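> Take a look at this one; I'll ask things after.
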């Protein structure tokens with residue numbers, strides 16, 4: 001077991017020495033991989049930030065539930081308790097009919113007209129603030145509240161939510177397409193790099209096969225090279241995105257001051273960062289494995 005661990009350690013050390021042996025070419029490869037990864041990942045970061053901005057601009061979704069005219073105070077208290085205990089509701093606000101009429105008079109300036117009414121035509125209402133922002137979940141909550149006997153009318157303004165969901169859906173699809181394209185590019189870069197290494201070490205590999213080296217033994221250094229190259233490319237991508245976000249936040253500082261806000265573009269979370277590094281390392285390993293598998297069978301001792 002100890003010998004196996006030492007062997008892997010020596011292979012990793014040899015891989016880093018190989019990268020340092022040609023620093024110019026290695027740095028260029030890492031920059032290409034980093035830029036290729038930073039485009040879809042940067043799109044993902046911007047999409048998450050845009051989602052946060054859009055949610056703030058659109059405001060918190062509200063459901064207005066208007067009570068029937070014959071609802072008693074005890075029934076209103078009971079409904080209030082039920083709404084507060086509902087798992088899909090964050091909090092509620094009760095608007096009595098008298099307060100609603102006063103707000104209408106102030107907002108429209110029709111106090112003379114409404115003052116001449118024989119009775120208040122407005123119903124008591126609950127303003128409901130849901131937990132979820134998803135359109136489907138909001139509609140499910142609205143439909144559920146419609147079944148409550150004392151609610152005369154339940155209203156949800158979901159037009160903004162549909163627009164936001166459509167925009168985010170398009171953005172996610174665009175990021176997915178970019179991720180697929182540039183993932184293929186990363187695999188192709190690693191495939192070609194390993195192919196050139198195999199061709200330059202063809203005689204060495206043939207000799208190793210003659211003295212009994214297995215395909216797994218020969219394949220291992222190339223797989224480590226692809227994995228480490230992909231991992232370093234992921235780190236380069238993370239640094240590129242961090243640098244770009246820093247520049248954008250510097251430009252946003254003046255804009256946010258004009259609107260009296262303190263918004264900044266957030267970088268990848270810790271979990272997303274680990275996913276980026278793991279995915280880039282896997283793509284590098286995959287490119288190396290495809291290249292070695294494609295060429296190793298051709299190199300047989302004659």
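Nothing in this text is a laboratory measurement; each read-out follows from the coordinates by a stated rule. Because the structure is predicted, anything quoted here is derived from the model rather than measured. Cβ coordinates were reconstructed from backbone atoms using ideal geometry, including for glycine residues, and neighbour counts include every protein chain displayed.
> If neighbour count is taken as other Cβ atoms inside 10 Å, put 129, 224, 250 in order from fewest to most. Intermediate values should be presented prior to the final figure.
Working: 129 13, 224 21, 250 10.
Exposure proxy ranking, most exposed first: 250, 129, 224.
> If packing is taken as the mean number of other Cβ atoms within 10 Å per residue, what is the order of 263-270, 182-189, highest first?
182-189, 263-270
> Multiply the residue separation of residue 11 and residue 263 by 0.36 nm, subtract the distance between their alpha-carbon atoms, and state the gained length in nm to one decimal.
Values: separation 252, 0.36 × 252 = 90.72 nm, distance 4.67 nm.
Here the answer is 86.0 nm.
> I've got another one for you. Between residue 75 and residue 50, what FRET efficiency comes out of the Förster formula 1/(1 + (r/R0)^6) with R0 = 41 Å and r the beta carbon distance, rounded to 0.05?
0.40
> Report the FRET efficiency, 1/(1 + (r/R0)^6), for residue 168 and residue 249, where r is their Cβ-Cβ distance and R0 is 30 Å, rounded to 0.05. All intermediate terms of the calculation are to be shown ahead of the outcome.
Working: r = 22 Å, r/R0 = 0.73.
Calculated transfer efficiency: 0.85.
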